[in-house]
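All remarks here apply to the structure that follows.
The values are calculated or read from the model by the stated rules, or taken from the named source; none is laboratory data. Since the structure is predicted, the reported quantities are computational estimates derived from the model, not experimental observations. Every residue, glycine among them, receives a Cβ derived from its backbone with ideal geometry; neighbour counts consider all protein chains shown. Protein only, heavy atoms only, side chains kept; ligands, DNA and RNA dropped before computing areas. Shrake-Rupley method; radii C 1.70, N 1.55, O 1.52, S 1.80 Å.
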Amino acid sequence: MKIRVAGFEPESFVDGNGIRFTIFFQGCTRRCRGCHNPQTHDLDAGIEMTTYEIIREMAKNSLASGITLTGGEPLLQLDAAIELAKAAQQFGYNVWCYTGFTYENLPQGADRLLDYVDVLVDGEYREEERDLELLFCGSRNQRVIDVKQSRAQGRIVCR
Ligand code: SF4
């Protein structure tokens, strides 16, 4: 399956717990003021790869304990995100996903992705709520959500 990415980082220390294989999806239409990755906004920029190529790189990485889907907006390329998350779980990686959507307002079909996601960091970046003390997110409206616990308890459970 084709996927448009801004790039990937085989050993990231800042996109979730532990060492992570991070994939930066290309394309986001939100244009949050102060976004740290403006180069990922253009839907037609970045590079086109296949999910197979990324999965092959993922399989080489022995130091990472998880993968992170970020961007850009991973949910704009939902089927590719699902394929990567599913493969990652098969390799024994935990899966984090960043999205500008809120948990309550995910696009149609996102449930299929959540089946393979351990942690969802939700909400767009709001510069007026910026907080440098936060771990793994940039503004106070964003939440680091334990997906499995949230589904089990029927309410949002943050980590
Ligand atoms: S949702 Fe994320 S990637 Fe998109 S503009 Fe906002 S901060 Fe940037």
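Results, tabulated for the structure shown:
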read-out: Debye, to nearest 20: dipole size of the chain, +1 on Lys, Arg Cβ, -1 on Asp, Glu Cβ; value: 260
read-out: Listed peptides 67-75, 148-156 by packing density, highest first (mean Cβ within 10 Å); value: 67-75, 148-156
read-out: Antiparallel DSSP beta bridges within the chain, as percent of all bridges there, nearest 5; value: 55
read-out: Separation of alpha-carbon centers, the range 85-157 and the range 4-43, rounded to whole Å; value: 14
read-out: Radius 15 Å from Cβ of LEU63, net charge of other residues (Lys, Arg +1; Asp, Glu -1); value: -2
read-out: Cα gyration tensor category, rounded, prolate or oblate, for the chain with a/c compared to 1.5; value: rounded
read-out: For the chain, calculated [θ]222 nm from helices alone, where every DSSP H run of n ≥ 4 adds -39500 (n - 2.57); value: -6000 deg cm²/dmol
read-out: Peptides ranked, highest mean first, by Cβ atoms within 10 Å: ranges 39-50, 89-100, 16-27; value: 16-27, 89-100, 39-50
read-out: Residue-count net charge about VAL157 - beta-carbon cut-off 13 Å; Lys, Arg +1, Asp, Glu -1; value: +2
read-out: Normalised contact order of the range 1-110, rounded percent, pairs of Cα under 8 Å and 6 or more residues apart; value: 29
read-out: Solvent-accessible heavy-atom area per residue, rounded to whole Å², over the chain at 1.4 Å; value: 52
read-out: Proximal charge balance of GLY109 [Cβ under 12 Å; K/R count +1, D/E count -1]; value: -2
